[in-house]
1. Checking a compactness column here: for the chain, what do you get for Rg(Cα) / (2.2 N^0.38 Å), N being the number of residues?
2. Mind checking Rg over Rh on the range 108-222, alpha carbons, Kirkwood formula for Rh?
3. How large is the translational diffusion coefficient of the range 13-142 in µm² per second when you combine the Kirkwood radius over alpha carbon pairs with Stokes-Einstein at 20 °C and 1.002 mPa s?
4. Gaussian network model of the chain, Cα springs within a sub-10 Å range: biggest mean-square fluctuation belongs to which of Glu112, Glu182, Glu18?
5. Given a Förster distance of 22 angstrom, what is the FRET efficiency for Leu39 paired with Glu92, based on the Cβ-Cβ distance and rounded to 0.05?
6. Say a paramagnetic label sat at a point 7 Å from the Cα of Arg191, along Cα to Cβ; which residues of the range 137-164 have their backbone N under 15 Å from it?
7. Round to the nearest 0.05 the FRET efficiency obtained for Asp117 and Arg84 when R0 = 41 Å and r is the Cβ-Cβ distance.
8. Given a Förster radius of 22 Å and the C-beta distance between Glu18 and Met54 as r, what FRET efficiency does 1/(1 + (r/R0)^6) yield to the nearest 0.05?
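Coordinate-derived values only; no laboratory data. None of these values were measured; they are calculated from a predicted model. Neighbour counts are summed over all protein chains in view; Cβ atoms, including those assigned to glycine, are modelled from backbone coordinates with ideal geometry.
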Amino acid sequence: MYRSVIVFPVLPGKTESEIRSIADRFTADPEGYLESRRLAGTTLERAYWQHTTMGDFVVGYLESDRSAADVAATWARQATEMDRFFMATVKEVHGIDLTNVPEGPPPQTMGEWVDPDVTERRRGMAFCAPLAAGQEDRGRAWAKEIYGSQEMTASRRSMNQNVEVATLTETPQGPACGIYVEATDPFEANRTFAASTEPFEVAFKDELHILFPPFIDFSQPVPGVTEIFDSRALLNPA
């Protein structure tokens, strides 16, 4: 299984209705959505609207049987009406033309932690932040080491998390890291992480202070994140 966190900057001046338009269309046409995502091999899709001082973003989380680049290539073939709507709206709202192969590397998941002892799916939360200049290689090496550690497992279990994924994406504004957290309450887990004085979390945040610009403070909860779509809710409406 591939897990990816994809960052979509929102073009200036876009309204809430425009930002939510893709999620609203998915919800209004579940059969069209499922056909599109079945062809792309996508098994779970969630999306979050994030307000930041750099502008707004939609941060998507995907689980699929193929890489994020291959999923996008399937969408680009525009095999279904939903695909065509999705591609056109991404270009209109986010300024990204998914029908063209972008310059630079495809999205790369640098860190992935999943608790094998948790079998149910929980709530998600995703957000993004720009990487500090020239920190890509350091971030990849650190994530590869830390996400596989026993300390990471103990830390995240203490916050009732079961999934954490970090993906590096090239955006028009430069490299950005998208982070997805799944937990009993992911927002509370984020608040707990931000406030923690446990040695592992302190060291984790110290490294983040190097990898990200000074104005990104992971000792504070991530503000301005709202869930706008969850494919599991679409399949299992309340």
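1. On the way: Rg = 17.2 Å, N = 238, 2.2 N^0.38 = 17.6 Å.
The value comes to 0.98.
2. 0.94
3. On the way: Rh = 16.6 Å.
For these conditions, the coefficient is 129 µm²/s.
4. For the chain, modelled as a Gaussian network with Cα springs under 10 Å, the answer is Glu18.
5. Values: r = 22 Å, r/R0 = 1.02.
With R0 = 22 Å, the Cβ-Cβ based efficiency is 0.45.
6. Backbone N within reach: 159-160.
7. Details: r = 42 Å, r/R0 = 1.02.
Calculated value: 0.45.
8. My answer for the efficiency is 0.75.
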